[in-house]
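This report concerns only the one structure given below.
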Amino acid sequence: MAHVILGLLLIAPQSFYDLVKAFEAGIGLFYSASSGSIKRALDRLLAQGLIETDSTESGGRRRKAYRPTEAGRAEFRAWMTAAPPTGPGLETGALARLYFLGLLEPEERPRVLRGIEERIEHGLAALADLDERLNARSAPEGLHDVFEYQRATLDYGLASHRFMLDWFRDRAGRDALPGG
């Protein structure tokens with residue numbers, strides 16, 4: 001969450017209210033957060049010196065705006081260029097990086113996309129291995145229906161990873177074209 005907030009603040013300084021609205025309007029498509037979790041993340045970012053505040057006057061009211069420090073900019077860049085997590089956080093991590101990819105220099109973007117592809121490939125290989133091992137087993141007596149839906153869940157994971165891999169490869173190919 002902290003890195004997503006840093007990305008939003010790199011686009012423009014924002015108030016707490018603005019950040020909550022940004023999560024509701026766009027970030028919420030791939031990352032959900034309560035106003036309490038956003039506030040706790042802001043407090044941690046402030047304590048770590050990754051963001052700072054200033055007060056501005058807006059419509060007769062004082063408003064506290066957050067913006068990243070140089071350390072915050074460096075932290076965000078390090079996160080963007082690191083490979084996303086594997087496992088359940090893969091899709092969220094990949095989409096968060098995709099959402100903010102335009103904040104990086106054009107020459108850095110293909111490396112980030114390739115890192116995402118590698119993580120998806122790794123996840124797909126792990127699921128394919130599990131699929132192979134399950135193919136060698138039969139459902140325990142009395143649990144055929146349970147086993148069937150567990151296999152359906154695995155099939156969904158395989159299909160989802162294949163789709164993500166194809167999509168990110170296509171995106172990387174478009175980004176490699178002039179003017180991509």
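Derivation of every value follows stated rules applied to the coordinates shown; laboratory data play no part. Source: prediction; values computed, not measured. With ideal geometry, Cβ positions are generated from the backbone for all residues, glycine too; neighbour counts draw on all protein chains shown.
How far is helix 144-176 tilted off the main Cα axis of the chain, in degrees rounded to 10, range 0 to 90?
For 144-176 against the chain, the angle is about 50 degrees.
Once both axes come from the Cα atoms, what is the angle between helix 35-47 and the longest principal axis of the chain, in degrees from 0 to 90, rounded to 10?
60 degrees
In whole Hz and in residue order, list the ³J(HN,Hα) couplings for segment 107-113 that follow from phi through the Karplus curve 6.51 cos²θ - 1.76 cosθ + 1.60, θ = phi - 60°; x for Gly and Pro.
Computed from phi, the couplings for segment 107-113 are 6, 8, 4, x, 5, 5, 4 Hz.
Please order 167, 79 by the number of other Cβ within 10 Å, starting at the fewest.
167, 79
For a quick check: with amide H placed at 1.01 Å from N, whose amide H comes under 5 Å from residue 14's, ignoring anything fewer than 5 positions away on the same chain?
HN-HN under 5 Å from residue 14: 66.
Mind checking the angle between helix 70-81 and the chain's longest principal axis? C-alpha axes, 0 to 90 degrees, to the nearest 10.
That works out to roughly 20 degrees.
About its Cα centre, how strong a charge dipole does segment 2-81 have in debye, to the nearest 20, once Lys and Arg get +1 and Asp and Glu get -1 at the Cβ?
The calculation lands at about 140 debye.
Candidates (i) 10.0; (ii) 15.7; (iii) 13.6; which is the computed mean projected area of the Cα convex hull in nm²?
Step by step, mean projected area of the Cα convex hull in nm² for this structure corresponds to label (iii).
Just name one of 1, 11, 125: the one whose Cα is farthest towards the positive end of the charge dipole of the chain (beta-carbon charges, Lys/Arg +1, Asp/Glu -1).
Value: 11.
For an R0 of 35 angstrom, estimate the FRET efficiency from the Cβ-Cβ distance between residue 70 and residue 121 and round to the nearest 0.05.
Once rounded, the FRET efficiency stands at 0.50.
Obtain the nm distance between the two label points defined at residue 152 and residue 20 by a simple spin-label model: each point lies 7 Å from its Cα along the Cα-to-C-beta direction.
3.9 nm
If you put +1 on each Lys and Arg Cβ and -1 on each Asp and Glu Cβ, how big is the dipole of the chain around its Cα centre, in Debye rounded to 20?
760 debye
Would you compute, from DSSP H runs of 4+ residues alone, the mean residue ellipticity of the chain at 222 nm, taking -39500 (n - 2.57) per run and dividing by the full residue count, rounded to the nearest 500?
-21500 deg cm²/dmol
Which whole-Hz ³J(HN,Hα) couplings does segment 129-141 yield from phi under the Karplus relation 6.51 cos²θ - 1.76 cosθ + 1.60, θ = phi - 60°, glycine and proline marked x?
After applying 6.51 cos²θ - 1.76 cosθ + 1.60, I find 5, 4, 4, 4, 5, 6, 4, 7, 10, 10, 5, x, 3 Hz.
Between residue 52 and residues 5 or more places away or on another chain, which pairs have amide H atoms under 5 Å apart, with H built 1.01 Å from N, and which residues are they?
Close amide H contacts, sequence-distant or interchain: 67, 69.
Can you tell me how much longer the chain between residue 132 and residue 43 gets when fully stretched, taken as 0.36 nm per residue apart minus their C-alpha distance, in nm with one decimal?
27.4 nm
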